[in-house]
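Heads up, the thing below is written out as structure tokens.
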Amino acid sequence: MMNGVEKTIAEDIATEEQLITPWTVSVSSGYTLLRDPRHNKGLAFTENERDAHYLRGLLPPAILTQELQERKLMHNLRQYEVPLQRYMAMMDLQERNERLFYKLLIDNVEELLPVVYTPTVGEACQKYGSIFRRPQGLYISLKEKGKILEVLKNWPERNIQVIVVTDGERILGLGDLGCQGMGIPVGKLSLYTALGGLRPSACLPVTIDVGTNNDRLLNNEFYIGLRRRRATGQEYAELLDEFMTAVKKNYGETGPCTDFANHNAFELLAKYKPTHLVFNDDIQGTASVVLAGLLAALKLVGGTLADHTFLFLGAGEAGTGIAELIALEISKQTNAPLEETRKNIWLVDSKGLIVSSRKGSLQHFKKPWAHDHEPIKGLLDAVKAIKPTVLIGSSGVGKTFTKEVVEAMASLNEKPIILALSNPTTQSECTAEEAYTWSEGRAIFASGSPFDPVEYNSKVYVPGQANNAYIFPGFGLGLIISGAIRVHDDMLLAASETLAEQISAKIAAKVAAKAYELGLASRLPRPKDLVKYAESCMYSPLYRSYR
Ligand SMILES: NC(=O)C1=CN([C@@H]2O[C@H](COP(=O)(O)OP(=O)(O)OC[C@H]3O[C@@H](n4cnc5c(N)ncnc54)[C@H](OP(=O)(O)O)[C@@H]3O)[C@@H](O)[C@H]2O)C=CC1
Ligand SMILES: CC(=O)C(=O)O
Ligand SMILES: [Mg+2]
């Protein structure tokens with residue numbers, strides 16, 4: 001069982017000044033050391049290290065600093081005009097020199113987040129078969145049924161603290177990408193390290209392959225997954241159950257899920273929440289980020305959450321997850337019962353506004369949102385009828401916030417809050433330029449994938465980004481440093497309230513504090529200064545000196 005940040009490897013507890021041994025299973029040296037991404041420093045190996053580790057002759061004479069290597073790589077990356085080439089260059093670097101990869105990512109987050117994460121990771125998943133080089137995580141397919149525990153043992157690391165897992169059925173707004181969804185856990189975990197300070201060796205990306213219903217992939221000769229249609233029902237549930245049981249047995253209390261289709265996501269979360277330390281990034285992480293964004297936006301618009309009316313386009317994982325956390329926060333702020341606070345929150349799905357007359361045929365997660373109202377089909381009519389102050393896109397369908405919809409929001413509100421959360425950029429409900437232009441510069445806008453600043457009427461508008469990436473690294477770190485045994489909704493609220501400060505150590509400290517308060521922390525005694533403690537647990541990508 002793994003509690004807190006216990007580390008058995010000297011390298012993990014050593015400070016930057018201390019000398020460490022670059023051990024793998026044996027001490028890595030010579031040619032092997034250069035091919036070991038965890039310890040390789042390329043041209044940054046010093047004269048002494050070159051002597052001591054049999055590197056003489058294997059490297060040209062020049063010795064570069066990590067800073068110079070970083071400058072060179074950023075220069076090279078910027079030469080690529082095609083985003084996918086940048087993605088591939090970053091993945092190559094990660095496989096060649098891990099610390100340099102994280103140094104680049106940490107120092108150039110704004111520039112590189114869209115490369116290793118949305119939007120480029122979406123295209124990478126679509127083409128993952130063609131660009132696949134080396135496995136970056138574990139693939140657990142139906143072929144491994146009955147031996148998942150053995151398969152977990154094949155992974156070279158033992159001290160795993162976070163697993164991000166997908167079954168590839170709902171990758172961003174791009175639908176079923178089957179086994180090629182692996183890009184998502186790989187990308188998310190690189191952010192757990194870069195933004196949350198988790199050690200790369202403690203992170204395990206997993207893709208569960210139960211087939212795909214994507215005919216294009218099934219017919220693609222480069223597809224890397226099982227060539228069969230998706231398993232469902234008992235066959236699916238049994239594989240997932242074996243996986244969850246094996247994970248707990250092998251690693252103890254460990255991390256979240258992401259990018260499952262909603263028919264499985266809600267069920268899996270409900271099933272494993274009571275027994276595993278698990279959260280769903282799309283449902284809960286997104287909710288926490290959007291709530292934080294709304295709390296920040298209220299400072300510009302005025303009023304409290306309870307004064308606002310919310311309309312969602314999209315009533316799936318993201319939409320209903322956000323809706324529920326908003327209702328919970330209003331209930332906390334006003335002491336009104338949850339059933340009451342839900343009433344100012346409306347959702348539209350592919351069949352129109354969710355209203356009580358549809359209750360009989362609604363999926364269970366939509367039912368709390370079926371309020372009394374006449375049926376309405378389209379979004380524009382729903383906007384006109386509900387008169388929302390906040391419009392949130394979580395449908396996965398691009399271009400759905402049309403000119404008419406944005407104009408209607410702008411005619412109803414002095415400062416309409418418009419969030420186009422769907423990823424990647426192609427699926428965004430509208431662009432930043434459209435939101436600002438159609439609202440005559442009055443919209444408060446944020447999107448799931450980043451947009452550049454927009455100039456409108458000689459004024460520059462900088463759009464926000466609302467993406468669960470802003471919360472999950474700090475959230476995960478908080479769970480780990482407290483040795484949390486379960487995830488509680490109040491921890492998500494605690495994370496939202498801190499996000500404004502945008503520092504993972506602070507989010508982690510608040511999440512950990514909540515875990516202690518709720519009696520869900522197992523790392524005792526509680527460290528006095530949780531922010532300092534969180535910072536001390538965070539990974540640094542600076543090179544270490546080898547003895
Ligand atoms: N910014 C962020 O951090 C995050 C963004 N997202 C994005 O949100 C999107 C949705 O994800 P998720 O909630 O998990 O997906 P789901 O499949 O769970 O939900 C999608 C919802 O959108 C509805 N929908 C689909 N097409 C339309 C349409 N044309 N008009 C109205 N409603 C429609 C669906 O309706 P029905 O139920 O009737 O099928 C469903 O309710 C994705 O693009 C994803 O990238 C997700 C998580 C985080
Ligand atoms: C950001 C994210 O998790 C998604 O779009 O699915
Ligand atoms: Mg996701």
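The values are calculated or read from the model by the stated rules, or taken from the named source; none is laboratory data. Everything quoted here is computed from the prediction, not taken from an experiment. Glycine also receives a Cβ, built like all others from the backbone with ideal geometry; neighbour counts cover every protein chain displayed. We work out accessible area using only protein heavy atoms, side chains counted, and drop any ligands, DNA or RNA first. Shrake-Rupley method; radii C 1.70, N 1.55, O 1.52, S 1.80 Å.
Regarding residue 382, is this residue touching a strand residue (DSSP E or B) at 6+ places or on another chain (Cβ under 7 Å), without any contact (Cβ under 8 Å) to a residue 24 or more places away in the chain and either open to solvent by less than 10 Å² (accessible area, probe 1.4 Å) or aliphatic (A, V, I, L, M) (or both)?
When the stated conditions are applied, residue 382 does not pass them.
Take the residues in the stretch 446-469 that are aliphatic (A, V, I, L, M) and in contact (Cβ under 8 Å) with a residue 12 or more places away in the chain, then tell me which one is surrounded by the most Cβ atoms within 10 Å (Cβ to Cβ).
446
Just checking, how many residues over the stretch 124-140 are in a loop (DSSP other than H, G, I, E, B) and not aromatic (Phe, Trp, Tyr)?
6
Report the residue count in the stretch 214-246 for those that are of a type in the set (Phe, Trp, Tyr) and part of a helix (DSSP H, G or I). Let's see the steps before the verdict.
As a first pass, look at the stretch 214-246 and keep what is of a type in the set (Phe, Trp, Tyr): 222-223, 236, 243.
Retained after the next criterion (residues that are part of a helix (DSSP H, G or I)): 236, 243.
Counting residues in the stretch 214-246 that are of a type in the set (Phe, Trp, Tyr) and part of a helix (DSSP H, G or I) gives 2.
Identify all residues within the stretch 462-481 that are more than 16 Å from ligand 3 (Cβ to nearest atom) and either within 22 Å of the chain's Cα centre (by Cα) or assigned to a helix (DSSP H, G or I) (or both); write none if there are none.
Within the stretch 462-481, the first condition is being more than 16 Å from ligand 3 (Cβ to nearest atom), and the residues that meet it are 462-464, 474, 477-481.
Once the filter is applied, which keeps residues that are more than 16 Å from ligand 3 (Cβ to nearest atom) and either within 22 Å of the chain's Cα centre (by Cα) or assigned to a helix (DSSP H, G or I) (or both), the stretch 462-481 yields 463, 464, 474, 477, 478, 479, 480, 481.
Being part of a loop (DSSP other than H, G, I, E, B) and open to solvent by 30 Å² or more (accessible area, probe 1.4 Å) is the filter here, so list the residues in the stretch 337-360 that pass it.
Those that are part of a loop (DSSP other than H, G, I, E, B) and open to solvent by 30 Å² or more (accessible area, probe 1.4 Å): 337, 350, 351.
If I filter the stretch 431-443 down to residues being surrounded by 23 or more Cβ atoms within 10 Å (Cβ to Cβ) and within 16 Å of ligand 1 (Cβ to nearest atom), which single residue comes out as farthest from residue 289 (Cα to Cα)?
Checked the stretch 431-443; the qualifying residue farthest from residue 289 (Cα to Cα) is 435.
Residue 423 versus (1) within 31 Å of the chain's Cα centre (by Cα); (2) open to solvent by less than 50 Å² (accessible area, probe 1.4 Å); (3) away from ligand 2 (no atom under 16 Å from the Cβ); (4) touching a residue at least 60 places away in the same chain (Cβ under 8 Å): which is the lone unmet condition?
Checking residue 423 against (1) within 31 Å of the chain's Cα centre (by Cα); (2) open to solvent by less than 50 Å² (accessible area, probe 1.4 Å); (3) away from ligand 2 (no atom under 16 Å from the Cβ); (4) touching a residue at least 60 places away in the same chain (Cβ under 8 Å), the one that fails is (3).
Name the residues in the stretch 514-532 that are in contact (Cβ under 8 Å) with a residue 40 or more places away in the chain and in a helix (DSSP H, G or I), would you?
530
Scan the stretch 152-205 for residues that are open to solvent by 20 Å² or more (accessible area, probe 1.4 Å), farther than 22 Å from residue 122 by Cα and not in a helix (DSSP H, G or I) and report the count.
So the count comes out to 5.
Filter the stretch 204-259 for residues that are within 16 Å of ligand 2 (Cβ to nearest atom) and basic (Lys, Arg) and give the result.
Answer for the stretch 204-259, where residues must be within 16 Å of ligand 2 (Cβ to nearest atom) and basic (Lys, Arg): there is none.
Under 7 Å between Cβ atoms, at least 6 apart or on separate chains: pull out the pairs that start in the stretch 141-156 with a residue that is in contact (Cβ under 8 Å) with a residue 60 or more places away in the chain and end on any residue that is exposed (fewer than 15 other Cβ atoms within 10 Å of the Cβ).
149/249
Checking the condition free of Cβ contacts under 8 Å to residues at least 24 places away in the same chain and open to solvent by less than 50 Å² (accessible area, probe 1.4 Å), which residue from 246, 261, 237, 270 passes?
Going through 246, 261, 237, 270 in turn, the sole match is 237.
For the stretch 486-528, name all the residues that are under 23 Å from the mean Cα position of the chain (by Cα) and hydroxyl-bearing (Ser, Thr, Tyr).
The answer is 496, 498, 504.
Go through the stretch 48-68 and count every residue that is in a helix (DSSP H, G or I), without any contact (Cβ under 8 Å) to a residue 40 or more places away in the chain and either closer than 16 Å to residue 546 by Cα or open to solvent by less than 50 Å² (accessible area, probe 1.4 Å) (or both).
3
Within the stretch 208-223, identify whether any single residue is of a type in the set (Asp, Glu) and within 24 Å of residue 396 (Cβ to Cβ), and answer yes or no. Write out each step before concluding.
Step one: of the stretch 208-223, the residues of a type in the set (Asp, Glu) are 209, 215, 221.
Pick out the ones that are also within 24 Å of residue 396 (Cβ to Cβ) and you get 209, 215.
Yes, because at least one residue in the stretch 208-223 is of a type in the set (Asp, Glu) and within 24 Å of residue 396 (Cβ to Cβ).
Return the pairs, sorted by first residue and then second, in which the second residue is of a type in the set (Ser, Thr, Tyr) and open to solvent by 20 Å² or more (accessible area, probe 1.4 Å), the first residue lies in the stretch 295-321 and is away from ligand 1 (no atom under 16 Å from the Cβ) and in a helix (DSSP H, G or I), the beta carbons are less than 9 Å apart, and the residues are 6+ apart or on different chains.
Sorted first by the residue in the stretch 295-321, then by its partner, the pairs are 298/304; 301/389; 305/334; 306/334; 307/389.
Restricting attention to the stretch 157-178, report how many residues are more than 15 Å from ligand 1 (Cβ to nearest atom) and over 14 Å from residue 280 (Cα atoms).
Total satisfying the criteria: 6.
Quick one: residue 296 ticks every box in (1) within 22 Å of residue 422 (Cα to Cα); (2) touching a Lys or Arg at 6+ places or on another chain (Cβ under 9 Å) except a single one, so which number is it?
The number of the failed condition is (2).
Please determine, by comparing only the residues of the stretch 247-264 that are in a loop (DSSP other than H, G, I, E, B) and of a type outside the set (S, T, N, Q), which one is modelled with the lowest pLDDT. Before you say what the answer is, go through the steps one by one.
Step one: filter the stretch 247-264 for residues in a loop (DSSP other than H, G, I, E, B), giving 252-256, 258-261.
Still in the list and also of a type outside the set (S, T, N, Q): 252-253, 255-256, 259-261.
On the way: 252: 82, 253: 72, 255: 63, 256: 60, 259: 76, 260: 89, 261: 89.
Filtering the stretch 247-264 for residues that are in a loop (DSSP other than H, G, I, E, B) and of a type outside the set (S, T, N, Q), the one modelled with the lowest pLDDT comes out as 256.
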